[in-house]
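Enquirer: The following block contains the structure, expressed as structure tokens.
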Amino acid sequence: MAPKRVDKDARRQEILDAAVRVFSRKGFAASRIDDVAAEAGIGKGSVYLYYDSRESLLEAALAQYAAGADALLRQAVEGDAPPLERLITLVHSTIALLSTQRDLARTLLDLWATDHMRPAYRAYREAVTTVLTQARPDLGLAHTTVLIGAIEGVLLQWLIDPDVPLADMAGPIVDVCVEGLRERA
């Protein structure tokens, strides 16, 4: 009988998904490789075949999220639509992305007060500020900070109370934080 073949990419993703679930449930600081292995239904040694540490699991999860977020930011900055329309699309896309990844969103919340999130925040603020100043040169970082705060405030409420319909919150965020930025005639 031939040995069972393992799709290494699929196994790597299974382990990463298990790690995100563990980080979400226990918090990154309290999570161990043993927890990830148990969640994935594999031996601890198998985790180490793909990731050399708990930190590398976190870095891989953040990198995977960042790849999707970076694509959304590029589209917002470089798109052909008018700037506020690109910003509206970014708000809707961001909410849609996060609403399908509750465990990752909870893990990001766990890391918000750490240096892990600093590069992501800088990139997000820079892109949103670029789009805002394309729409109106008098808008800037303060407006960006309020908009991102609204998105994260709704995200936080959803994580605390699953009855908050995160997927439906993009419209109200746009109404409150973007539509008011349009130039008045």
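FYI, it's all coordinate maths here, none of it is from the lab. Predicted, not measured: the structure shown is a model, and the values here were computed from it. In this analysis, Cβ positions are derived from the backbone assuming ideal geometry, glycine residues included, and neighbour counts consider all displayed protein chains.
Enquirer: Between 0 and 90 degrees, rounded to the nearest ten: what's the tilt of helix 118-135 against the longest Cα principal axis of the chain?
Expert: Once rounded, the angle reads 30 degrees.
Enquirer: Sorting check: for 98-105, 162-169, which peptide has the highest mean count of neighbouring beta carbons within 10 Å, and how do the rest follow? Intermediate results must be reported in sequence, preceding the final value.
Expert: Working: 98-105: 18.0, 162-169: 13.5.
With the highest mean Cβ count within 10 Å placed first, the list reads 98-105, 162-169.
Enquirer: As a test of the definition: which semi-axes, in Å, follow for the chain when you take the square root of five times each eigenvalue of its alpha carbon gyration tensor? Largest first, please. Walk me through the numbers before you get to the answer.
Expert: On the way: eigenvalues 267, 56, 41 Å².
Output for the chain: semi-axes of 37, 17, 14 Å.
Enquirer: Considering only Pro83, Ser56, Val20, whose Cα is most displaced toward the positive end of the charge dipole of the chain, charges sitting on Cβ of Lys, Arg (+1) and Asp, Glu (-1)?
Expert: Looking along the dipole axis, the top candidate is Ser56.
Enquirer: Counting Lys and Arg as +1 and Asp and Glu as -1, what is the net charge of the other residues whose Cβ lies under 12 Å from the Cβ of Arg106? Let's see the in-between values first.
Expert: Details: positive: Arg21, Arg25, Lys26, Arg102; negative: Asp103, Asp110.
Within the 12 Å Cβ shell, the charges total +2.
Enquirer: Let me have the 222 nm mean residue ellipticity of the chain computed from DSSP H runs of 4+ only, each contributing -39500 (n - 2.57), with the sum over all residues rounded to the nearest 500. Please report the intermediate quantities before stating the final value.
Expert: Values: 9 runs with 132 residues, N = 185.
Computed mean residue ellipticity for the chain: -23000 deg cm²/dmol.
Enquirer: Taking the chain as the reference, fit the longest principal axis to its C-alpha atoms, fit the long axis of helix 54-78 to the helix C-alpha atoms, and give the angle between the two in degrees, 0 to 90, nearest 10.
Expert: Roughly 30 degrees between the two axes.
Enquirer: Which residue, Ala37, Ala135, Ala71, has the most motion in a Gaussian network model of the chain that connects Cα atoms within less than 10 Å?
Expert: Ala71
Enquirer: Using the Kirkwood radius over C-alpha pairs as Rh, can you work out the diffusion coefficient of the range 97-167 via Stokes-Einstein at 25 °C, viscosity 0.890 mPa s, in µm² per second?
Expert: Values: Rh = 13.2 Å.
Stokes-Einstein gives a translational diffusion coefficient of 185 µm²/s.
Enquirer: Given an 8 Å cut-off on Cα distances and at least 6 residues of separation, report the relative contact order of the chain as a percent. If you can, show how the numbers build up before the last one.
Expert: Working: 154 pairs, mean separation 38.8, N = 185.
Dividing the mean separation by the residue count of the chain yields 21 percent.
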